[in-house]
Amino acid sequence: MTSIKRTYKLAAAAALLVAVTVVTGLYLGAQTRAQFTDIAESWTDYAEDPEKKGVWISSLRGYLGYGGIIHNFKNYVIRKDDAYRARMVDQLTQFDAVMASYLAEPLPEAERRALETIKATIDEYRARVEIAERAVNGNWPAERTDRLVKVDDTEAILALRNLEMLWMDSRARSTERIIAAVMRGETLIGYGFLAMVLLVAAALSIAILIALLIRDMRASNARLSEELERRRALQRSEQRLAQAVEQSPATILITDTAGRIQYANRRFEELSGWSRAEIIGETPRFLQSGEVPRETYADLRATLERGEVWRGVLRNLDREGGSYWVDTTILPLRAEDGSIHGYLGMGEDITEKRQAREQVVRAQKIEAVGLLAGGIAHDFNNLLTAILGSVHLAALDARPGSDLAQEVEQIDIAARRAQALVRQLLGFARREPGTPEPTDLCAAITEASRLMRAAIPPTIRIEGARDCTPVNVLADPTHLHQILMNLTANAAEAIGDADGHIGITACALEDTPKGLPARADGWVEMTVTDDGPGMSEDTAARIFDAFYTTKPLGKGTGLGLSVVQGLVQDMGGRITVESAPGTGTRFQIVLPGAAEAACAAPAAPAPGRGHETLMIVDDQTEVAATLRRALMRMGYQVEAYTSPRIALERFTKAPARHRLLISDVVMPEMNGIEMTRAMRALRPDLPVILCTGFNPTGVALSGGPTEVLAKPLDPVELARHVRRMLDARAAA
């Protein structure tokens, strides 16, 4: 420590000496430069300015003296010779030029007054030139002329003498200034030599001080080198440890015993989005996503309090509000005496692994739903066909407006909702393709509102159907109906038993929505809003995920909105949701528009009655019997069979007896397509209506006309197809 203090003192002394030397040199240099400047200015005053004034004063002396302006004026008056006049005029011009140049200079007041006196005298002579000319031309007597042109030039002569004296004084002062400046310069040169001597002495002193400084520095450096080497070894060890921790693929947090964060590595910053500066001193509670059971955190705290290692999986929040999964290990940090002074938490990001596993599970669920939908669609649609047919027959017998008619209508609504559910499952599994066509959106809204009013509490109002402005969309009517039913049903379930309303609006958009292509027929926006409790941001973000539901077990499948999104996307549109807790929910659906003329289609006529003999083949007794009763009410003669082989045998005995065949496609022993081909081998022109729960495409049958209808069958629609095919056959 003493050596370091002495080194500081030597360095300070050397710095002070250098500073004094530099300041002295700068001062002497500045003074020398000032003296040389003074000498230059003095010489300028001596050589340039007085020289000009001397020339001007000499010229003025000539103009006032012998042969000058006054002399030539008087000779002209006395001798009347024009040569004197001409010289006088030239001299006046030269006098004016000299006087103008002289007066243009910055002059002392005395010098300027003298010049003005001389100029005034010459101006008096100039003013009397005209009188002199008249006197000469008129040959006036000398006494008269002299009296008229006489000028007193005494003051001008005195003024000229004053100018000469001022000029002489100026030259004398300039000379004295030059001499004084030179003498001061000689003195500064002496000081300069003295400063050089002092500078040499200062340099020697600095050299001695530096030598002493170097000696002390070497001694200190030797001691510091040993200390530095020891610290470097320790630093390298710590650096390797820090690099391992910092570059670890696992997140690492170190906290004190109170849970306050003391350190976080780079991987934690990257994964969570939080910087170290933001979290140091905080507790890890800000990482809790709310999706980890409280029991897990309680077990974590209890384990650490026992001084044991805790292992588990946590779902943490990142800074942007998202979440990630971490396989976490937390262990206590112990001092040499065994006491716990902190905790070390290490985590492995397993988000992608869990997402991959969830996607596999989701794909398996979707596949299972697809298989389930395909497996039950046929049987379920057969049941619905029987129900719808029976409802139709009951409605024909019920008195309009009676309680029985209302009950029949409720059964019809329930059956059609079941029909929509089957189509929803088939649409989700992509088993039932849609056929876009120009569709009246307002009519679809009105129909959905009518069906939903009978299925929701009376405290919920559905608004917008009556005030809907006619607008057309390019969509599959059935799929559009599914979309409306799902959205209104979800809105009603969200409101529950409380008072509320559901609003449905539709309008054509003037501009193309952002992110969608421009279309000649434009785009149409439909909104479905409710004043229910609304949703959180996390729920709104996941609401279109398959199997995601916020409803209690047994109250929902989690497929409705996923199906809606798929149907909207299949139509080429998009669906978005806006919601917040306490503000209700708003679904916005953008669908492709359709030309109004394309939607204009005549209303379907009521099915005509008939008397022809028809054959119905369906392996489900209820379906065959229901269709038979419905068509018989229309006047037809109907034979119904549940075995395709028996039906084929009866047809073989009398191929011309039956005017039209109505057959299921999927049947045991023989499917409907095989049976139809066998019948047409006997009678090629046989009209055929095939019914299926799968709505297959690409059915190719040679021979007579063939139509494919999707189950469940509406008896009225079936009768309409039957009548049209029979009439077409008769016309051919």
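One table, with the values for the structure above:
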quantity	calculated
Net lengthening on full extension, Asn221/Arg334 (0.36 nm per residue, minus Cα-Cα)	36.8 nm
Nearest-0.05 FRET efficiency for Ile131 and Thr175, computed from C-beta distance (R0 45 Å)	0.40
Distance between the range 146-215 and the range 432-497 - C-alpha centres, whole angstrom	109 Å
Taking Glu674, Glu537 and counting other C-beta atoms within 10 Å, the order from fewest to most	Glu537, Glu674
Virtual spin-label span in nm between Asp511 and Glu291, 7 Å along Cα→Cβ	3.6 nm
For the range 622-660 and the range 115-142, distance of Cα centres in Å	156 Å
Residues Trp523, Trp56, sorted so that the one with the fewest Cβ neighbours within 10 Å comes first	Trp56, Trp523
Percentage relative contact order, the range 433-598, counting C-alpha pairs under 8 Å, at least six apart	26 percent
Which of Cys468, Cys691, Cys507 has the fewest Cβ neighbours within 10 Å, and the rest in rising order	Cys507, Cys468, Cys691
Using a Förster distance of 45 Å, the FRET efficiency for Asp327-Thr583 (Cβ separation, nearest 0.05)	0.75
Anisotropy class of the range 94-163 from Cα gyration tensor, a/c 1.5 cut	prolate
Scattering profile of the range 433-598 at q = 0.13 Å⁻¹ [log10 I(q)/I(0), Debye over alpha-carbon scatterers]	-0.60
Nitroxide proxy distance, nm - points 7 Å out along Cα→Cβ at Val20 and Arg650	13.7 nm
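No value in this document is a laboratory result; all are computed from the given coordinates. It should be emphasised that the depicted structure is a prediction, and the values quoted were computed from it without experimental measurement. All Cβ positions, glycine included, derive from the backbone under ideal geometry; neighbour counts span all protein chains shown.
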